[in-house]
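Colleague: My questions will all concern the structure given below.
The values are calculated or read from the model by the stated rules, or taken from the named source; none is laboratory data. Bear in mind that the values here come from a model prediction, so they are computed numbers and not experimental data. Using ideal geometry, Cβ is built from the backbone for each residue, glycine included, and neighbour counts are taken over all protein chains shown.
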Amino acid sequence: MAWWKRGKLQMNELLVMIKEVMYNTANNNIVMIIKNVKENRKVALYCAGLLIIMSVWFVMRATELSALSLLKPALLIIFSYIAMVMDILTKKIPNKLVLVMFVVWLLLILPLTLYDTEIGIRVLTDSLLGLLAGGGLFLLVYLINRKGLGGGDVKFMATVGLYLGFANILPAILYGTVLAALFGAVLLLLKKIGSKDTMPLAPFMFVGIMITLFT
């Protein structure tokens, strides 16, 4: 079976399991929840990974940040984690995910701007500069050499820039790019991939985002 078919199959399994767990949770059917997890262990691991990351984030930051400052990074962790999983499984970051990220960002920033115009404009300006920095850098690379970088990566990192802002998007990209280069070099030395092969980029960008958020 081709890699993209396997990826789509695993992605469908993930979505089916999440729906089943949500349904059984709503109906307090613990036995069925346990059964679903046992039958889809790989999918359960993805969900458990996100749960662990979110738990650590809230434990470390809950007492330090305001509600908005806590919510925005928390949502970014969720969205970037989904992007990472989808990129691993299908080697694509869907436009729908990027659109949802953008809409949610708007829902966060608009009330703040209406409530406190001065702070709202400051946050909005920083977010737009982050969008230009993240999207601009990836767009430049995409235009120069499209090998290993897709349009989804460009749109995803541009939207990530909205959440991180100008000061944080650049370190996130730097960390992710360095990790991707090192990992690719190791795989080349071990002859696990060829010079013309490509790797999903979102997992490395996710790690870069996490390093930026947690430090």
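Colleague: Could you check how many residues of region 125-160 are in a helix (DSSP H, G or I) and either touching a Ser or Thr at 6+ places or on another chain (Cβ under 6 Å) or basic (Lys, Arg) (or both)?
Modeller: Adding up the residues that qualify gives 1.
Colleague: Could we say that LEU143 is closer than 24 Å to ASN95 by Cα, of a type in the set (A, V, I, L, M, F, W, C) and surrounded by fewer than 16 Cβ atoms within 10 Å (Cβ to Cβ) here?
Modeller: So LEU143 fits the description; yes.
Colleague: Does THR159 meet the test of being surrounded by 14 or more Cβ atoms within 10 Å (Cβ to Cβ) and either under 22 Å from PRO94 (Cβ atoms) or of a type in the set (A, V, I, L, M) (or both)?
Modeller: So THR159 passes the test.
Colleague: Note down all Cβ pairs under 8 Å where the first residue falls in region 129-145 and is in contact (Cβ under 8 Å) with a residue 12 or more places away in the chain and closer than 15 Å to ASN168 by Cβ, the second is among the charged types (D, E, K, R) and assigned to a helix (DSSP H, G or I), and they're at least six residues apart or on different chains.
Modeller: If the second residue must be among the charged types (D, E, K, R) and assigned to a helix (DSSP H, G or I), the pairs left are GLY135/LYS155.
Colleague: I'm checking my understanding of the structure. Among residues of region 115-150 that are closer than 22 Å to PHE183 by Cα and small (Gly, Ala, Ser), which one is farthest from the chain's Cα centre (by Cα)?
Modeller: My answer is GLY148.
Colleague: State which residue is nearest to GLY208 (Cα to Cα) when the search covers only region 87-107 and only residues that are at pLDDT below 85 and assigned to a helix (DSSP H, G or I).
Modeller: ILE88
Colleague: Sort out which residues of region 193-207 are small (Gly, Ala, Ser) and surrounded by fewer than 18 Cβ atoms within 10 Å (Cβ to Cβ), and write them in order of number.
Modeller: Listed by number, the residues that qualify are GLY194, SER195.
Colleague: Of all residues in region 114-135, which are of a type in the set (Val, Ile, Thr) and modelled with pLDDT of 90 or more?
Modeller: THR125
Colleague: A follow-up question, please. Just name the residue that is modelled with the lowest pLDDT out of those in region 162-192 that are surrounded by fewer than 14 Cβ atoms within 10 Å (Cβ to Cβ), of a type outside the set (D, E, K, R) and more than 20 Å from the chain's Cα centre (by Cα).
Modeller: LEU190
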